[in-house]
Amino acid sequence: MAESTDTPRLGQRLRIERVSELWLRMAGYFAIALFALIVLTLVHRSLPLLSEYSVVQMLTSTDWDPSQNSFGFLPAIVGTVYVAVLSMLMGTPIAILTAIYIAEYAEGRMKTLVSSFIDVLAAIPSVIFGLVALVVVVPLVGDYLAPLFGASATGLGILTVSLVMAIVVTPFMISLSVESLEALPDELRETSLGVGATKWETIRSVLLRAAGPGIFSAVLLGFGRVFGATIVPAMLIGGQTQIPDSLFATGQTLPTLIVSDFGELMSIPITQSALIFVGLMLVVVVWIFNFGAMLLQRRLRRRWQY
Amino acid sequence: MDRYAKQRAFGVLARAAAGLVVFVMAVVIGVTIFRGGRVLLADPSIVVSPPGSRYALEGTGGFFHAVLGSAFIVGPATLVSMILAISTATYLQSDYSSERFSDAVNMFLNVLWATPPIVYGVFVLTIVIAVGARTSLFFGIIAIAVFQYPIMTRYIDEALRSAPDTVRESTYGLGATRFETAKMTARAALPGIVAGVIMGFARGIGDAATVLFTAGRSTNMPNGLFEPATTLPVLIFDNSMSFNEEVRAHAYAASFVLIVVVLGLIVVSRLLAGRFAQYVPGGRHA
């Protein structure tokens with residue numbers, strides 16, 4: 001009979017409902033389970049190192065030589081902070097200005113064009129940025145910028161990485177900032193212009209202040225991205241574990257420490273543990289920044305009720 | 001400076017910043033296409049020829065192993081990740097879970113999204129070591145799937161949320177079960193779901209840090225699920241630091257292939273979204 005093949009009987013439908021509910025519930029908890037599993041694995045695997053060496057001593061020592069069992073993380077920490085701060089200093093003003101252009105100035109086709117261009121760029125693999133930088137940014141820094149400051153450099157180093165990371169992270173910060181600017185109610189603009197403010201005054205004193213938490217959270221997320229970036233620094237930083245003494249010096253960041261030492265040294269348990277501890281440090285810092293960004297966005301959302 | 005001059009100066013500044021961003025990005029794409037295109041035009045066969053025995057040293061043969069490796073790793077990973085992501089996103093809808101629960105899970109997904117890819121690589125590698133296996137195609141798939149999962153789930157969740165409520169109300173009104181309603185909601189949100197899956201695929205195919213230690217960085221053709229493999233981004237990364245000119249040239253050719261794939265995926269996702277939208281209630285009519 002057609003009826004029984006086209007529409008399954010109620011009992012069968014309810015069985016499907018129960019089975020699917022079970023599966024979906026499991027999938028729903030999967031995100032939390034995955035998070036917990038990553039944290040537990042990293043902590044568990046870092047314990048051999050933490051039980052043998054003092055954390056404070058490792059974080060403040062400059063001596064990194066895994067083959068001699070000395071694990072000083074300071075050079076890599078300093079390198080990572082340099083790179084993250086420098087790229088933020090270069091990328092943030094440009095990102096905010098571009099976001100203002102897209103949200104407040106551009107119209108019609110131009111707006112679609114520029115913003116879809118930026119979406120596309122956010123999707124370009126970072127290894128391609130690194131490769132292009134090898135032929136564009138490295139000679140620029142090594143042959144022109146460094147001699148200008150009287151430094152001799154190959155072009156691989158902190159400044160190069162920062163420049164390239166600023167480029168990598170800018171589209172990401174732009175789209176987040178555009179989102180928070182565009183979410184602002186139009187009454188804000190109308191009121192401000194209505195009392196005689198110019199467009200620039202409206203943007204500066206009203207819109208930027210209103211969207212402030214959202215833009216700031218975009219910057220925090222960008223900072224987290226640069227902090228955990230691996231491939232671009234690994235290609236461009238030069239890979240010497242030392243505290244960089246100038247912008248043109250080579251160095252190491254926390255992720256590149258993992259890349260440069262994991263291959264040959266992962267068979268030694270204590271080194272393996274040290275590198276997993278680096279991973280743990282990375283996620284803790286990135287998660288703190290992310291959490292801050294989330295709180296800011298929540299506040300913004302409550303203030304404007306969207 | 002009076003306030004109108006300030007206003008003009010600022011407008012110029014904002015336009016200049018946008019122009020700079022667009023210019024820099026045009027340089028990135030342009031350099032990739034020109035340098036890679038030159039290598040490919042000289043010898044297009046390197047994309048489909050297997051690597052020779054001295055590939056890493058002299059660039060004999062081509063990088064077909066990385067093309068296949070990318071396909072064999074990212075394809076299955078996207079499939080696994082997609083099934084999980086659609087299930088999770090469905091569970092986060094109001095029919096199944098409370099607002100509070102889905103807020104909490106979304107927080108975890110955000111944090112996972114922001115986790116540096118290298119951490120996923122290290123995480124999967126510790127599993128490899130724990131089970132006493134060696135790095136292989138299989139663990140590359142797991143690493144990429146884990147990496148894609150939060151990205152896809154966030155996109156799909158967003159898509160399901162924006163599906164019109166009338167779909168849900170009318171299916172319930174006809175006496176459907178929750179699962180049947182969820183299927184209809186998913187159908188209504190199809191453009192967003194497809195776009196999310198494609199975006200996840202694009203991110204997965206471009207990432208090097210997750211597969212750097214998990215897939216094995218081999219310079220042979222992938223010949224088994226538990227054999228080492230490599231992907232295009234890893235090949236680009238390795239080749240870019242070679243001393244051999246020929247090997248480095250392959251990095252540019254490979255990045256040409258990669259950028260064409262990624263840009264193509266984005267265009268396809270936009271086109272599909274536009275095409276699908278006309279079949280969706282409330283969607284725009286193309």
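The values are calculated or read from the model by the stated rules, or taken from the named source; none is laboratory data. Since the structure is predicted, the reported quantities are computational estimates derived from the model, not experimental observations. We place every Cβ from the backbone using ideal geometry, glycine too, and count neighbours over all the protein chains shown. Side chains included, ligands, DNA and RNA excluded: accessible areas come from the protein's heavy atoms. Shrake-Rupley method; radii C 1.70, N 1.55, O 1.52, S 1.80 Å.
Among the residues of the stretch B:105-153, how many are over 18 Å from the mean Cα position of the chain (by Cα), within 12 Å of another protein chain (Cβ to nearest Cβ) and either open to solvent by 40 Å² or more (accessible area, probe 1.4 Å) or farther than 15 Å from A:ILE32 by Cα (or both)?
13
Residue by residue, here is whether (1) surrounded by 17 or more Cβ atoms within 10 Å (Cβ to Cβ); (2) hydrophobic (A, V, I, L, M, F, W, C); (3) more than 10 Å from every other protein chain (Cβ to nearest Cβ) holds:
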{"residue": "A:GLU104", "(1), (2), (3)": "yes, no, no"}
{"residue": "A:GLU107", "(1), (2), (3)": "no, no, yes"}
{"residue": "A:LYS111", "(1), (2), (3)": "no, no, yes"}
{"residue": "A:ILE124", "(1), (2), (3)": "yes, yes, no"}
{"residue": "A:LEU131", "(1), (2), (3)": "yes, yes, no"}
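Consider A:THR253 carefully, then state whether it is open to solvent by less than 30 Å² (accessible area, probe 1.4 Å), facing another protein chain (nearest Cβ under 10 Å), closer than 28 Å to B:MET241 by Cβ and in contact with a Ser or Thr (Cβ under 9 Å, 6 or more places away or on another chain).
For A:THR253, the condition - open to solvent by less than 30 Å² (accessible area, probe 1.4 Å), facing another protein chain (nearest Cβ under 10 Å), closer than 28 Å to B:MET241 by Cβ and in contact with a Ser or Thr (Cβ under 9 Å, 6 or more places away or on another chain) - is not met.
Tell me, yes or no, whether the stretch B:209-227 has at least one residue that is without any contact (Cβ under 8 Å) to a residue 60 or more places away in the chain, among the hydrophobic types (A, V, I, L, M, F, W, C), in a loop (DSSP other than H, G, I, E, B) and out of contact with any Gly (no Cβ under 8 Å at 6 or more places or on another chain).
no
Within the stretch B:92-101, track down each residue that is more than 7 Å from chain A (Cβ to nearest Cβ), touching a residue at least 24 places away in the same chain (Cβ under 8 Å) and not charged (D, E, K, R). I'd like the intermediate steps shown before the answer.
The initial filter retains those residues of the stretch B:92-101 that are more than 7 Å from chain A (Cβ to nearest Cβ), namely B:93-95, B:98-101.
From the residues that got through so far, the ones that are touching a residue at least 24 places away in the same chain (Cβ under 8 Å) too are B:93, B:95.
The one that is more than 7 Å from chain A (Cβ to nearest Cβ), touching a residue at least 24 places away in the same chain (Cβ under 8 Å) and not charged (D, E, K, R): B:GLN93.
Results for (1) among the aromatic types (Phe, Trp, Tyr); (2) in contact with a Cys (Cβ under 9 Å, 6 or more places away or on another chain); (3) open to solvent by 20 Å² or more (accessible area, probe 1.4 Å), shown as yes or no for each residue.
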position: B:ARG161; (1), (2), (3): no, no, yes
position: B:ASP165; (1), (2), (3): no, no, yes
position: B:SER170; (1), (2), (3): no, no, yes
position: B:ARG178; (1), (2), (3): no, no, yes
position: B:THR185; (1), (2), (3): no, no, no
position: B:VAL194; (1), (2), (3): no, no, yes
position: B:PHE201; (1), (2), (3): yes, no, yes
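What are the pairs with Cβ atoms under 6 angstrom where one residue, in the stretch B:125-138, is free of Cβ contacts under 8 Å to residues at least 60 places away in the same chain and the other, located anywhere, is part of a helix (DSSP H, G or I) and not charged (D, E, K, R)? Sequence gap at least six, or different chains.
Every condition considered, the pairs that remain are B:THR126/A:THR41.
Which residues, taken from the stretch B:103-124, are in contact with a Leu (Cβ under 8 Å, 6 or more places away or on another chain) and in contact (Cβ under 8 Å) with a residue 40 or more places away in the chain?
Residues satisfying the conditions are B:ASN106, B:PRO116, B:ILE118, B:GLY121, B:VAL122.
Answer yes or no as to whether B:ASP207 is among the charged types (D, E, K, R) and under 30 Å from B:LEU92 (Cβ atoms).
yes
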